[in-house]
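Derivation of every value follows stated rules applied to the coordinates shown; laboratory data play no part. What you see is a predicted model; the values in this text were computed from it and never measured. Cβ: placed from backbone, ideal geometry, glycine included. Neighbour counts: every protein chain shown.
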Amino acid sequence: MAEFSLRGLSKSYGPVEVIRDLSLDIPSGEFAVFLGPSGCGKSTLLRMIAGLEALTRGEIHLGGHRIDVLPPGDRGVAMVFQQYALYPHMTVRQNMAFGLRNIGTAAADITQKIAAASEMLEITPLLDRKPAQLSGGQRQRVAIGRAIVKQPRAFLFDEPLSNLDATLRSRTRIELARLHQRMQSTMIFVTHDQVEAMTMATRIVVMNHGQIEQVGTPMEVYRRPQTRFVAGFVGTPAMNFVTVTGAEDRGGWALVHLADGSQVVTGVPFAQLRTGDLTLGVRAEDIRQGGDIPARVDVIERLGERTLVYANLRDGSTIVYDEPGDVEVAIGQDVHLTIDGAHTHLFDAEGAAIRG
Amino acid sequence: MAKVGNVRSADTAGIGVPRGVNMLFVLPYMAILLVMVILPLLLGVWLAFQDYDMLSGWNGFVGLENFQNLLDDRIFRGTVRNTILFVLMTTPAFVCLGLFLALALNNRLRRSASLRAIFFGSSVLSVTIVTLVWRLVYLPDRGLLANGLGVFGLKSFDLVTSETWALPAIAVVTVWWIIGLPMTLFLAALQQIPADLYEAAALDNALRTRTLLSITLPSIRRTVLVVAVLEVIMQFQLFGQALLITGGGPNNMSRPMVQFIYESGFRDLQLGFAAAASQVLFVLMVLGALAQTWAGRKREG
């Protein structure tokens, strides 16, 4: 049964509609990540669930109860804010106790819950410090601790990693994933960083313009993007998009022509094609040197274990492909590329993926 | 772009340049500060120990005689009492009422914006106009206060000529006049509190009173202190309102220290005596401000 059930949610600020008729079910124990560019409505959606934004239309249910009519504190959710929102004049212990004291928890219970949570998060030595005396990573842990002690039905995270430096961010990603495995509670995590989404999520909800583009496991979203937007947003580097013409039937598969005349046999059944412009989508790792597509190397990005080569095709469009870390390649060099057709995607004029 | 080297040397100009050159930048301000503030201050201290009369001129050093005379002066002792009472009446009112108004008007409603402007508006009026308006309010039998009380069948008396009520009446005028500044300072402080603290508090089940006591007040504690110190310093200098409303009466019961200094110095022309009274006021103001700061520090612990 779905733990969270969002039904027909809409949110407007005056004439501007930021969430449009959005429905979504999140099963119990999921680590759901709302992923999308800034302004896509993901944070607003989270804040609507938390009760910090009013709904224009729709209902939110949690564990079988309608919660969108309840005040934030009564919804059974705890939230970790982007800027942590720790109470600056309270010690870590008081920060964690505040919510429990407000609902009349017995002092002994509070002590015991704080002890358990701070041990799990390894912040016991910090309990008597104030937030200003903590580093960014420590504040983050305290913010999570403040959520944990309330033992909520669900945790909400609003881009909590965006204020951490790169090293700490990747470490916290692992810790959050571990925390989720250990607590087995439902978590909703909002981010614009697709790496965070791919690494932590059990289910990614890709959002754009206030609507859901695709819901799926990280690998589903990566391997079988349903729209051109999802294909371009998930994965680093972004998927290459090449305008193609003249689709033909080649043994049941669609064969398309690139601007320079070279051909690619795609993994898309020809029978599914409709009339209209087509765009070929191909990831960097599915392009290799040694084929018949001529290109000239423009920019080389060496990442250590792999090298990203940006090359210009004959028609001037840029395509990026993967090479091993120590590949010998020079800017201005002429290369010939081949595209692994089986792993390509075709998108129609509306940006929807064509599938078999 | 050809002069990159010069640009860089300008950025680091302070380093390696003789110190005297940097002093030139400070000089204009230092000169004015010295001539207009420090020198008069020291001159005032010096004057307090002299027998200096505007008519007979300087009659030499008299040690603590001026202070001894002040101590023996019943009227002066009365003004010290009046001034301290006035500060005790107005400062808490400024802090509490200013905070209350700020809390009530700290929102985006158009109504609140108008009210903020109205409450601040009276601050720009001159003391003459303010006292004139309030003379009309306090007018026995015909004033606004008398008419207002009349509605409830109560009879008003003349506050301004009452030994008990003259000083509180001046305090009310003062609070009405310049409540805008503390209100604005509190509003600025309230708007500095991050919104997500309130959101976190809402998720933590904190009700309104709890949020006010546990989130809002601790967050603006410094501003409370600033307003309190500022008002202590300002209200010790009560002068215009008292002079224009009661003239210090009845029976000196509303005469403030500054009026005493003014009258000794400018009416009786006893400059040394007036300077000594000023030093007493100065010490009281410093003590008042220190007490506030000390209390604030202690609470911060």
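A few comments on the model shown:
- Selection from A:Pro125, A:Asn208, A:Gln140, by position along the positive dipole direction of region A:112-252 (Cβ): A:Pro125
- With a simple spin-label model that places each label point 7 Å from the Cα along the Cα-to-Cβ direction, the separation between A:Ile300 and B:Ser123 comes to 6.6 nm.
- Cα gyration tensor category, rounded, prolate or oblate, for region B:13-166 with a/c compared to 1.5: oblate
- Ranked by how many other Cβ atoms sit within 10 Å of their own Cβ, fewest first, the residues B:Trp176, A:Trp253, B:Trp58 fall in the order B:Trp58, B:Trp176, A:Trp253.
- Result for chain A in a Gaussian network model with C-alpha springs under 10 Å: among A:Met198, A:Met120, A:Met79, the largest mean-square fluctuation is at A:Met120.
- For region A:77-217, the fraction of alpha-carbon pairs lying more than 21 Å apart is 43 percent, rounded to a whole number.
- In a fully extended conformation the segment linking A:Asp315 and A:Arg129 would gain 60.8 nm over its present Cα-Cα distance, using 0.36 nm per residue.
- Placing dummy labels 7 Å off each Cα toward the beta-carbon, the span from A:Val69 to A:Val327 is 6.0 nm.
- Each of A:Gly304, A:His192, A:Val18 was scored by the projection of its Cα onto the charge dipole of the protein assembly as shown, and the greatest displacement toward the positive side belongs to A:Val18; charges sit on the C-beta of Lys, Arg, Asp and Glu.
- Cβ-derived FRET efficiency at R0 51 Å, B:Trp176 paired with B:Glu65, nearest 0.05: 0.75
- Once the Cα atoms are used to define both axes, helix A:92-102 deviates from the longest principal axis of chain A by about 70 degrees.
- Assigned charges on the beta-carbon of Lys, Arg, Asp, Glu; the protein assembly as shown dipole about Cα centre (debye): 2000 debye
- Angle in degrees between helix A:136-148 and the longest Cα principal axis of chain A, rounded to the nearest 10: 70 degrees
- Taking max minus min of the alpha-carbon positions on each principal axis, the protein assembly as shown gives extents of 121, 71, 51 Å, largest first.
- Shielding value for B:189-202 is 5, the average number of Cβ atoms from other chains within 10 Å of each residue's Cβ.
- Taking the DSSP beta bridges with both ends in chain A, the antiparallel portion is around 75 percent.
- Contact order relative to length of region A:69-186, as percent, for alpha carbon pairs under 8 angstrom and 6 or more apart: 40 percent
- For chain A, the longest principal axis of the C-alpha atoms and the axis of helix A:107-120 are separated by about 30°.
- For region B:39-89: relative contact order, % (alpha-carbon pairs under 8 angstrom, 6 or more apart): 21 percent
- Arranged from fewest to most other beta-carbon atoms within 10 Å of their beta carbon, A:Val268, A:Val33, B:Val224, B:Val286 become B:Val286, B:Val224, A:Val268, A:Val33.
- Rounded, prolate or oblate (a/c below 1.5 giving rounded, otherwise prolate when a/b exceeds b/c) for chain B by Cα gyration tensor: oblate
- Placing +1 on the Cβ of every Lys and Arg and -1 on the Cβ of every Asp and Glu, with no other charges, gives chain B a dipole of roughly 1100 debye about its Cα centre.
- Under the membrane-span-like helix rule (DSSP H runs whose alpha carbons stretch at least 20 Å along the helix axis, mean Kyte-Doolittle hydropathy 0.5 or higher), chain B yields B:19-33, B:74-105, B:221-235, B:271-300.
- Region B:171-228 and region A:81-119 have Cα centres spaced 23 Å apart.
- Comparing A:Gly341, A:Gly63, A:Gly304 in a Gaussian network model of chain A, where Cα atoms under 10 Å apart are tied by springs, the biggest mean-square fluctuation is seen for A:Gly304.
- Relative to the Cα centre, the charge distribution of region A:196-287, modelled as +1 at Lys and Arg Cβ and -1 at Asp and Glu Cβ, gives a dipole magnitude of about 200 debye.
- FRET efficiency, 1/(1 + (r/R0)^6) with R0 22 Å, evaluated for B:Arg110 and B:Arg135 via beta carbons: 0.05
- Given charges at Cβ of Lys, Arg, Asp, Glu: the protein assembly as shown dipole, positive-most of A:Leu179, A:Ala284, A:Leu346: A:Leu179
- Normalising the average separation of contacting C-alpha pairs (under 8 angstrom, six or more residues apart) by the number of residues puts the relative contact order of chain A at 15 percent.
- Cβ-based net charge around B:Gln241, under 14 Å, with every Lys or Arg adding one and every Asp or Glu removing one: +2
- When only alpha carbons are used to place a centre, region B:18-33 and region A:265-279 end up 78 Å from one another.
- Counting lysine pairs in the protein assembly as shown that sit 8 or more residues apart in sequence, or on different chains, and whose Cα atoms lie under 24 Å apart gives 5.
- Take each residue in A:76-89, count the other chain C-beta atoms within 10 Å of its C-beta, and the mean is 4.
- Structure remark: mean-square fluctuation, Gaussian network model of chain B, C-alpha springs under 10 Å; the largest value among B:Met234, B:Met23, B:Met89 belongs to B:Met23.
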